[in-house]
Amino acid sequence: MVNGLRAHTDAGGVIMLFQDDVVGGLEVLKDGEWFDVQPMRNSIVINTGDQVEVLSNGRYKSAWHRVQAKPDGNRMSIASFYNPSMKATIAPAPQLVENGGVGVEAFGYPEFVFGDYMSVYAEQKFDPKEPRFQAVRAM
């Protein structure tokens, strides 16, 4: 029996999701409450991933989401992930770091190589994202 896909954020940048237009199940977390993302014909769901959160210095948060199995049919979706190169250095945009260049380490979002983050993410995908950022900072 399949219950769906546990709550998680996506590791990359921007995610385009072409979801089933009949069977729902996708839910997003907002203000501590889960909301259904109603299926709509000819639509695309766009999620922001962890890298957008880092690049924006937390201005845009990666979207916590999950999929719940539904008794009214099988849900199908196609996700297209737009990620940086595995060798790309990721850090908050300097213009978004307050107090004129104190350094990204002081603001919670570390500078790191995306491939290193993916190694951490593979082990901690369903865990809170803050420890992922802490783990990659230690690398």
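The values are calculated or read from the model by the stated rules, or taken from the named source; none is laboratory data. The structure displayed is predicted, hence computed values, not measured ones. A quick note on method: Cβ atoms are made from the backbone with ideal geometry, for glycine too, and the neighbour counts reach across all protein chains shown. Each accessible area value is taken on the protein alone, full model and side chains, heavy atoms only, with ligands, DNA and RNA left out. Shrake-Rupley method; radii C 1.70, N 1.55, O 1.52, S 1.80 Å.
Bin width 5 Å, origin at 0, all Cα-Cα pairs of the chain: what percent of pairs per bin?
Result returned by the calculation: 2, 10, 18, 21, 18, 13, 10, 6, 3, 1, 0.
With all protein chains present and a 1.4 Å probe, how do Thr9, Thr89 order by accessible area, largest first?
These residues rank, largest area first, as Thr89, Thr9.
Can you compute the modelled spin-label distance between Ile46 and Arg137, with each label point 7 Å from Cα toward Cβ, in nm?
3.0
Provide the packing ranking of 69-80, 50-61, i.e. peptides ordered by the mean count of other C-beta atoms within 10 Å per residue, highest first.
Descending packing order for the listed peptides: 50-61, 69-80.
At a 1.4 Å probe, what is the % contribution of carbon and sulfur to the accessible area of the chain?
It is 55 percent, rounded to a whole number.
Go ahead and estimate [θ] at 222 nm for the chain from helices alone: -39,500 (n - 2.57) per DSSP H run with n ≥ 4, summed, over the residue count, rounded to 500.
Rounded to the nearest 500, it is -5000 deg cm²/dmol.
Ranking request for peptides 108-121, 23-36: highest mean number of other beta-carbon atoms within 10 Å first, then the rest in descending order.
108-121, 23-36
Can you classify the range 16-56 as rounded, prolate or oblate using the Cα gyration tensor, where a ≥ b ≥ c are the square roots of its eigenvalues, rounded means a/c under 1.5, and otherwise it's prolate if a/b beats b/c and oblate if not?
oblate
Could you report the range 31-76's accessible area per residue, 1.4 Å probe, as an integer in Å²?
67
From the phi angles alone, apply the Karplus equation (6.51, -1.76, 1.60; θ = phi - 60°) to the range 113-120 and give each ³J(HN,Hα) in whole Hz, x where the residue is Gly or Pro.
8, 4, x, 5, 4, 4, 5, 5
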